[in-house]
Amino acid sequence: MKLFSEDIVPLRPLVMAGPCSAESEKQMLETARALKRTGVRIFRAGVWKPRTKPGGFEGIGTPALEWLAKVKEETGMLTATEVANKQHTQEAVDSGVDILWIGARTSANPFAVQEIADTLAALPQEKRDSLTVLVKNPVNPDLELWIGAMERIRRAGIERIGAIHRGFSSYGVHLYRNPPKWRIPIELHRRMPDLPIICDPSHIGGKRELVGPLSQQALDMGFDGLIIESHCDPDCALSDKNQQVTPEVLGVILDSLTVRDSNTQTESLGVLRNRIDRLDDELLELLAKRMRVACDIGRYKKEHAMPVVQTGRYNDLMQRRVADGARLGLSEEFVQMVLAAIHEESVRQQLEITSGNHR
């Protein structure tokens, strides 16, 4: 699936860049001119800005669409902005915006996405054919909700659809503003292999020094492009100043990136993949053996009227195994995720035994 023709924008890596928020005509044009000198072909800027709490800068709104139009007229760049409802969508399309994206808060709300989809469905066919719509992942790690949002847009007659991975909200202090949970976009790609997926390192990292490393990681994982926040004077930005880079810094980042050929496969790589396949087979056999033992434990608990879930035992096991995993070079998050999934399946099977429904 293509978002653009190759003569307009190279397919990989596709780069969209521009300020988090449209703040003034001067800021928009100055940033756009500098970005064009770096080779960026798509200019992004937030016209309407949904904020977590009231009182923050929520965007200039409709008047800023004129600034996007001036950027397009002067530089020839394609333009992109976020929409969250019927009014946003209609006004952005009417003003000539080429690319709409649906933000993480909006994609989590099927009613809002359907309102946008209905607005798109009412457009003339030629408008729908020329429009690109990108859908950011919902704030929570819900793959089905993400896919559902894209299906609503596709049913509206939009063919140029892509996904934006911007990480997922989480409680507490973390290295990343929105931890990426890479397994979710990987699963999205497995289920929708023709869908272009763009990475948003600005929102994942939340810090400008993380934009470069995250961009390289995304390309190494086969993402089709990047959407990066860039501002002519980021320290004075009215929103998300800590994660924005200047166009000049962005140029350095882009020049340093290595784009790998995903179609290249050597004989050595084939051998290594065969080893992975064999190890995966062994893992499945071990998991099956473990579940058989878990079922035996379930039968014992049933015979002795014991509860299936024993929290103390589980917490002790989790602590010991996380420590063992660290000594083996495995991350705490990974070991916790694997053990939690194994425990959940063990509990499910034991509950079937205690209820008499186990086959």
Hull surface over four for the Cα convex hull of the chain, reported in nm², is 22.2 nm²
Full extension between residue 171 and residue 86 adds, at 0.36 nm per residue less the Cα distance, a length in nm of 27.5 nm
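Please give the length that would be gained between residue 235 and residue 73 if that part of the chain were fully extended, namely 0.36 nm times their separation in residues minus their C-alpha to C-alpha distance (nm, one decimal). Before the final figure, lay out each step's value.
Details: separation 162, 0.36 × 162 = 58.32 nm, distance 2.76 nm.
Full-extension gain reported as 55.6 nm.
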Note: residue 183 to residue 130 extended length (0.36 nm per residue) minus current alpha-carbon separation gives 15.9 nm
Two pseudo-spin positions, 7 Å from Cα along C-beta at residue 109 and at residue 192, lie apart in nanometres by 2.1 nm
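Report, in cubic angstrom per residue, the convex hull volume of the C-alpha atoms of region 312-357.
On the way: hull volume 2.7 nm³, N = 46.
With only Cα atoms used, region 312-357 gives 59 Å³ per residue.
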Region 117-276, Kirkwood Rh and Cα Rg, ratio Rg/Rh at 1.01
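What size of dipole, in debye to the nearest 20, comes out for region 201-316 about its Cα centre when the only charges are +1 on Lys and Arg C-beta atoms and -1 on Asp and Glu C-beta atoms? Could the numbers behind the result be given before it?
On the way: 14 positive and 19 negative charges, 198 e Å.
Using only the charged Cβ atoms, the result is roughly 960 debye.
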Answer in debye to the nearest 20: the dipole magnitude of region 267-355 about its Cα centre, from +1 Lys/Arg and -1 Asp/Glu charges placed on Cβ, is 340 debye
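For a Förster distance of 45 Å, can you work out the FRET efficiency between the beta-carbons of residue 344 and residue 25, rounded to the nearest 0.05? It would help to have the intermediate numbers written out before the result.
On the way: r = 54 Å, r/R0 = 1.20.
Working from the Cβ atoms, E equals 0.25.
Assuming a viscosity of 0.890 mPa s and a temperature of 25 °C, what translational diffusion coefficient in µm² per second does Stokes-Einstein assign to region 267-355, Rh being the Kirkwood radius over Cα pairs? Could you put the intermediate results ahead of the total?
Details: Rh = 14.9 Å.
Calculated translational D: 164 µm²/s.
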Helix-only [θ] at 222 nm, the chain, -39500 (n - 2.57) per DSSP H run of 4+, per residue, nearest 500, equals -16000 deg cm²/dmol
GNM of the chain, Cα pairs under 10 angstrom: of 327, 160, 51, the biggest fluctuation goes to 327
Expressed in nanometres to one decimal, the distance between label points 7 Å along Cα→Cβ at residue 272 and residue 285 is 2.5 nm
Under a Gaussian network model of the chain whose springs join Cα atoms within less than 10 Å, the largest fluctuation of 227, 161, 342 belongs to 342
Listed residues 223, 57, 168; largest mean-square fluctuation, Gaussian network over the chain with Cα springs below 10 Å, found at 57
Among 141, 88, 103, the residue whose Cα sits farthest towards the positive end of the charge dipole of region 78-152 (+1 at Cβ of Lys and Arg, -1 at Cβ of Asp and Glu, taken about the Cα centre) is 141
Per the 1/(1 + (r/R0)^6) rule, R0 = 35 Å and r from the Cβ atoms of residue 217 and residue 357, FRET efficiency to 0.05 is 0.20
Relative to the chain, whose Cα atoms define the longest principal axis, helix 267-303 and its Cα axis are tilted in degrees, nearest 10, by 50 degrees
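Readers should treat all values here as calculations from the given coordinates under stated rules, not as data from a laboratory. Bear in mind the structure is a predicted one, so any value in this text is a computation, not a measurement. Quick reminder, even Gly has a Cβ in these numbers, built from the backbone with ideal geometry, and neighbours come from all protein chains shown.
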